[in-house]
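Student: Handing you a structure now.
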Amino acid sequence: MTDRADATSGVERAPIAELSFDDALAELQRTVAELEMGGQPLERTIALYERGVALHERCALLLSDAELRVQQLVSRAGGALAAVDVRPEEATEG
């Protein structure tokens, strides 16, 4: 199965790496609902599960990045807050 098309249904799907958090979460919810309905052929179930795992990982990554941005807020003169642009690999704990 590719990011572009679902191998068992032929449905065109956006690459997971390009999805916003909201889009990835919505698709994850639809995927979970479809899995919970059951009655899918084995190959379709596996494809849905694999896509669901990838969507979950995308959501977790985006949430982690958002958390990092919030943690990188720094005080400016006068008490104003400003976000400091830091990539996750550049962040330091503490």
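Student: Does R87 meet the test of being within 17 Å of A17 (Cα to Cα), at pLDDT below 70, of a type in the set (K, R) and under 18 Å from the mean Cα position of the chain (by Cα)?
Tutor: So R87 fits the description; yes.
Student: Which of the residues spanning the stretch 32-53 are small (G, A, S) and without any contact (Cβ under 8 Å) to a residue 40 or more places away in the chain?
Tutor: Scanning the stretch 32-53 gives A33, G38, G39, G52.
Student: When you scan the stretch 49-66, do you find a residue that is loosely packed, with under 12 Cβ neighbours inside 10 Å, modelled with pLDDT under 95, among the aliphatic types (A, V, I, L, M) and not in a helix (DSSP H, G or I), even just one?
Tutor: There is no residue in the stretch 49-66 that is loosely packed, with under 12 Cβ neighbours inside 10 Å, modelled with pLDDT under 95, among the aliphatic types (A, V, I, L, M) and not in a helix (DSSP H, G or I).
The values are calculated or read from the model by the stated rules, or taken from the named source; none is laboratory data. If you're wondering where the values come from, they're calculated on a predicted model, not measured in any experiment. Don't worry about glycine lacking a Cβ; one is built from the backbone with ideal geometry, like all the others, and counts go over all protein chains shown.
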